[in-house]
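Novice: Starting off with a structure, shown below.
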Amino acid sequence: MAKLNIVKFGEEALRKVCRPVDEITPKIVRLLDDMIETMRAANGCGLAAPQVGILRRIAVIEVEEGEVYELINPKIIAYSGEQREVEGCLSNPGKWGVTKRPMAVTVRAMNRHGEEYELNGKGLLARAICHECDHLDGKLYTDVQIEAVDAD
Ligand code: NI
């Protein structure tokens with residue numbers, strides 16, 4: 001595994017619509033491993049492929065330690081409720097903003113074995129799912145933030 005470089009806000013890669021994955025190759029599996037390592041090393045709870053300069057629809061999430069979700073070609077198929085919480089991004093270190101997100105979402109995605117699954121997330125997990133799916137469409141949390149939070 002290798003730790004990858006995380007690109008920062010302002011870089012073009014973060015504004016691109018990413019391409020779907022049509023076949024899980026060893027390269028994709030290695031990318032997933034590297035993304036997980038990179039996310040953990042940066043103490044993040046989610047990371048999307050464009051954040052490491054790869055324009056494919058892939059994200060990893062680890063909100064609860066040890067519980068990693070791999071989302072390949074994820075699609076949010078249901079959402080409900082609302083939450084307003086502070087959110088940040090590994091591509092925008094040291095900055096936070098309050099965003100409005102659904103309280104609960106259901107996402108359909110594929111894992112590294114090519115198996116489709118559905119994941120229900122509430123609270124922080126729902127936020128992470130929305131945040132990472134947005135990345136795959138070139139959207140950043142600052143696009144949906146209600147207000148910036150000053151870091152003291
Ligand atoms: Ni992010």
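The values are calculated or read from the model by the stated rules, or taken from the named source; none is laboratory data. Bear in mind that the values here come from a model prediction, so they are computed numbers and not experimental data. All Cβ positions, glycine included, derive from the backbone under ideal geometry; neighbour counts span all protein chains shown. What goes into the accessible areas is simple: the full protein's heavy atoms, side chains included, and nothing from ligands, DNA or RNA. Shrake-Rupley method; radii C 1.70, N 1.55, O 1.52, S 1.80 Å.
Novice: Using only helices, what value at 222 nm comes out for the chain when you add -39,500 (n - 2.57) per DSSP H run of length 4 or more and divide by the total residues, to the nearest 500 deg cm²/dmol?
Specialist: On the way: 3 runs with 32 residues, N = 152.
Dividing the helical sum by the residues of the chain leaves -6500 deg cm²/dmol.
Novice: Now for a separate question. With every protein chain kept in the model, how would you rank 131, 113 by accessible area, 1.4 Å probe, largest at the top?
Specialist: On the way: 131 15, 113 140 Å².
I get 113, 131, largest accessible area first.
Novice: Could I ask something else about it? Mind checking which lysines have their C-alpha under 26 Å from residue 122, skipping anything on the same chain fewer than 8 residues away?
Specialist: 75, 95, 100, 139
Novice: Right, next: Run the simple label-point estimate for residue 98 and residue 85 please: 7 Å along Cα→C-beta, distance reported in nm.
Specialist: Taking the simple label geometry, residue 98 and residue 85 are separated by 1.5 nm.
Novice: Heavy atoms only, probe 1.4 angstrom, no DNA, RNA or ligands counted: give me 108, 15, 127 ranked by accessible area, highest first. Don't skip to the answer; put the middle values down first.
Specialist: Values: 108 95, 15 125, 127 30 Å².
My answer, sorted largest first, is 15, 108, 127.
Novice: Next question. By accessible area of protein heavy atoms, probe 1.4 Å, what ranking do 1, 103 get, highest first? Before the final figure, lay out each step's value.
Specialist: Numbers: 1 160, 103 80 Å².
Of 1, 103, the descending order of accessible area is 1, 103.
Novice: Would you work out if the chain is rounded, prolate or oblate? Take a ≥ b ≥ c from the square roots of the eigenvalues of the alpha-carbon gyration tensor; rounded if a/c is under 1.5, else prolate when a/b is larger than b/c, oblate otherwise. Mind dumping the intermediate values first?
Specialist: Numbers: a/c = 1.61, a/b = 1.22, b/c = 1.32.
Since a/c reaches 1.5 but b/c is at least a/b, the shape of the chain is classed as oblate.
Novice: When the chain is fully extended, how far beyond the present Cα-Cα distance does residue 12 get from residue 25, taking 0.36 nm per residue of separation? Each step should come with its number before you reach the end.
Specialist: Details: separation 13, 0.36 × 13 = 4.68 nm, distance 2.59 nm.
So the chain would gain 2.1 nm between residue 12 and residue 25.
Novice: Just tell me which aspartates and glutamates come within less than 18 Å, Cα to Cα, of residue 27; anything on the same chain fewer than 8 places away is out.
Specialist: Here the aspartates and glutamates satisfying the reach criterion relative to residue 27 are 37, 70, 115.
Novice: Moving to a separate point now. Which of the chymotrypsin sites (Phe, Trp or Tyr not before Pro) found in the stretch 71-152 are loop residues per DSSP with 15 or fewer other Cβ atoms within 10 Å of their Cβ? Please list the in-between numbers first.
Specialist: On the way: sites: 79, 96, 117, 141; in loops: none.
Sites meeting the loop and neighbour criteria: none at all.
Novice: Taking only Cα atoms and a 10 Å spring cutoff, compute GNM fluctuations for the chain and point out the largest among 33, 137, 22.
Specialist: 22
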